[in-house]
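The block underneath contains the structure these notes are about, expressed in structure tokens.
The values are calculated or read from the model by the stated rules, or taken from the named source; none is laboratory data. None of these values were measured; they are calculated from a predicted model. Quick reminder, even Gly has a Cβ in these numbers, built from the backbone with ideal geometry, and neighbours come from all protein chains shown. Keep in mind that these areas ignore ligands, DNA and RNA; they rest on the heavy atoms of the full protein, side chains included. Shrake-Rupley method; radii C 1.70, N 1.55, O 1.52, S 1.80 Å.
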Amino acid sequence: EHGHPKVWDFFRRSGKVVVPFRPDQQTRTKFLKKDEDIIVSIPKSQGGYGIVAMGKIIEDGVIFETGGSFKEGNVFAETYQQEMLRIYGDVANKPELAKSRCFNKQFKAHSKGLAASGQMTPWEYGVKHWGDNGAWYNNRWSREAFLAYVSVQWAATARFEDGISAISWGKVEPAQLHQISSIAHPKFTRGQWGVILRQLKAREARQTVLKRPAAVAAASSMSKKHALKAAAEPAPTQEKKDAEETKSAELEDTSPKVGDGESVAASENDGWFAKGLTEAGIEGRYHAILKQLCHGSLDYLMDVEESDLQGMLDDAGQPMTHPVARGIVRKLRTR
């Protein structure tokens, strides 16, 4: 339900980000602490386009909802409910394009959602949960799941539709970017952070120029003669704009690298996936099973359950037993 342009506009204006948690993710709230840097990304699976904001948390995270009940007396909780009801209570806010779907049938937990309500778009999911005053409580999937928010000082933000789905790293060592479908705590070097920030600021600057009257924007940067010439030329494509942003970011990237001493061996998805599993203590013979189940995305690992793994064949052709499946899930959740 957060994958909507108007919901992001609300978060952007209020300087808040709402993060959903499952009952078993209580320990992950430790990442929502003051002075932590934060990147907000709305993935395609939620109808988004990628990274839309970067900033710094200025207050510790606050749990303001549990199991469908909101914390009384919390001003933001009241504002959040009003905004969600306003957005999803008006059919005029329905996005024109709705290709993304909420459930991945690869997971048994998602299959239960499919069996209960059928496949749905983020808009349909939002209407189901925010179509009227009692919808959120009545449709909350768990009475132990909860919502938390953090207050953020933005360093740069972009419109929902201007999200960045891919970063061109230039000479800087690539970093793995996690989706916000589950909170992640990656370690970026100063150089990596700088590259992402510059490309996001380029998006932000571009949308600022687009908001200005065409005549004013032209007169501020070129003569009348040049403005007329520019007006006669075709508008640059999105690909060309992205390429210019990338080139600018590469030229400007002189930030020193700092980090925890680890060297990232590969920048391809397969390399990142294998690296993540190895760090979690998962034996290599089970990597192919998890890659197939999660489509090579680290973000889906938190959705894996024992029943998803039991009976699947490892690299040696042996079916996975229940104790092994339980051990793998425990390692993934701990990691």
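Nearest 0.05, what FRET efficiency do residue 96 and residue 331 give at R0 = 41 Å with Cβ-Cβ as r? Write down the numbers at each step before the final one.
On the way: r = 43 Å, r/R0 = 1.04.
Calculated transfer efficiency: 0.45.
Can you give the FRET efficiency to the nearest 0.05 for residue 133 and residue 56, using r as the Cβ-Cβ distance and R₀ = 30 Å?
Working from the Cβ atoms, E equals 0.30.
Given labels modelled 7 Å from the Cα in the Cβ direction, how far is it in nm from residue 315 to residue 144?
3.5
For region 22-95, what is one quarter of the convex hull surface built on the Cα atoms, given in nm²?
On the way: hull surface 26.3 nm².
Directional mean of the projected Cα hull area for region 22-95 stands at 6.6 nm².
Can you run phi through the Karplus equation (6.51, -1.76, 1.60; θ = phi - 60°) for region 38-45 and list ³J(HN,Hα) in whole Hz, with x for Gly and Pro?
Working through the residues one at a time gives 9, 10, 9, 10, 10, x, 4, 5 Hz.
With a 1.4 Å probe and all protein chains kept in place, how do 85, 309 rank by accessible area, largest first?
Numbers: 85 45, 309 0 Å².
Correct descending sequence by accessible area is 85, 309.
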